[in-house]
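The values are calculated or read from the model by the stated rules, or taken from the named source; none is laboratory data. Remember, predicted model here, so these are calculated numbers, not experimental data. Every residue, glycine among them, receives a Cβ derived from its backbone with ideal geometry; neighbour counts consider all protein chains shown. Note: accessible area is taken over every heavy atom of the protein model, side chains too, but ligands, DNA and RNA are not part of it. Shrake-Rupley method; radii C 1.70, N 1.55, O 1.52, S 1.80 Å.
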Amino acid sequence: MFASALSEAGLPAALRSVTGPVLLQPRPASTDRNVALLPMVASGPAVTPKNASSINAALRREDGRVLNAAAECRASLREQTGRGSQDAWHRSVSIGMAGPRFLAFDLTDNYFCGGAYPNDGQTSLVFDLATGKPVNWLTFFPPGARGRQNTAGDGAPLGLVAWPELTRRAAAQAQPECREALSDAGYSGFSITLDARTAALIATPAEFPHVIQACAEPIHLRTEELRRLRISPVLIGALASARRLQR
């Protein structure tokens, strides 16, 4: 109870939805009122000082990257239209899981920097509290999965997973007009996040062009299904424990 209360103290309402052993500390308001900043991780029983410092450095880098991108976006809009807009870029942040073992942030960006249409994107940042680094998903997936680092259209870092089982499931649940985009057995654009409320791993097809972004329908794999798919018991156990904290 003590850890939970500390984790929520002072955080924006959007960041209070997940209870966990990881203590989170709010950041001062951003210089760009439309760009939400990531909270910082406090060391404690769930994460060592060294690993908390490593995660916080990565979170600050991401905040700096998006603030720079938003400033460049406004400059581009001003150059094309003769007027800038503080509303050119919006970012919201939510927490999918706050321990044990994993810390998952889900970021939503909506931006218009000029051109034919606005853009939007979903990015997940998931850290392994045992290492202080982004999760190496291949440690927790069965043999046959492949990992790849890439960047989103707005420059955000992406850790993608290629696994035939994910491709098969995505194609099976997709609308007919979307299946062609997933028909390539080598498709490798799945972004992974974790959801403590439902004890689920969520895989979302990434890297779709704007015209078929609606085809990026998430796959929700809960603990029972993860066991059948031979996902690591470490990941399954962490999700189950995280869900119990929500009750």
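Based on this model, can you work out whether E180 counts as part of a loop (DSSP other than H, G, I, E, B), at pLDDT below 85 and open to solvent by 40 Å² or more (accessible area, probe 1.4 Å)? Step through it out loud before you land on a result.
On the way: part of a loop (DSSP other than H, G, I, E, B): no; at pLDDT below 85: yes; open to solvent by 40 Å² or more (accessible area, probe 1.4 Å): yes.
Spelling it out, it is not the case that E180 is part of a loop (DSSP other than H, G, I, E, B), at pLDDT below 85 and open to solvent by 40 Å² or more (accessible area, probe 1.4 Å).
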task: Quick one: in region 8-47, of everything that is among the β-branched types (V, I, T) and surrounded by 15 or more Cβ atoms within 10 Å (Cβ to Cβ), which residue is modelled with the lowest pLDDT?
output: V18
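For region 213-247, give me the residue count where each residue is part of a helix (DSSP H, G or I) and either within 16 Å of V161 (Cα to Cα) or open to solvent by less than 20 Å² (accessible area, probe 1.4 Å) (or both). Outline the logic, then answer.
Of all residues in region 213-247, those part of a helix (DSSP H, G or I) come to 213-215, 223-228, 233-245.
Of the ones still in play, those that are also either within 16 Å of V161 (Cα to Cα) or open to solvent by less than 20 Å² (accessible area, probe 1.4 Å) (or both) are 215, 223, 226, 235-236, 238-239, 242.
Looking only at that region, the number is 8.
Please go through region 25-38 and give me each residue that is part of a loop (DSSP other than H, G, I, E, B), out of contact with any Lys or Arg (no Cβ under 6 Å at 6 or more places or on another chain) and under 20 Å from D106 (Cβ atoms), ordered by number.
P26, R27, S30, D32, N34, L38
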message: Considering only residues that are under 14 Å from the mean Cα position of the chain (by Cα) and open to solvent by less than 30 Å² (accessible area, probe 1.4 Å), which ones fall in region 110-151?
response: G121, T123, S124, L125, V126, F127, D128, V135, W137
- prompt: Among the residues of region 57-91, which ones are outside any loop (DSSP other than H, G, I, E, B) and open to solvent by 60 Å² or more (accessible area, probe 1.4 Å)?
  reply: R60, R61, N68, E72, R78, E79, Q80, T81, Q86, D87, H90
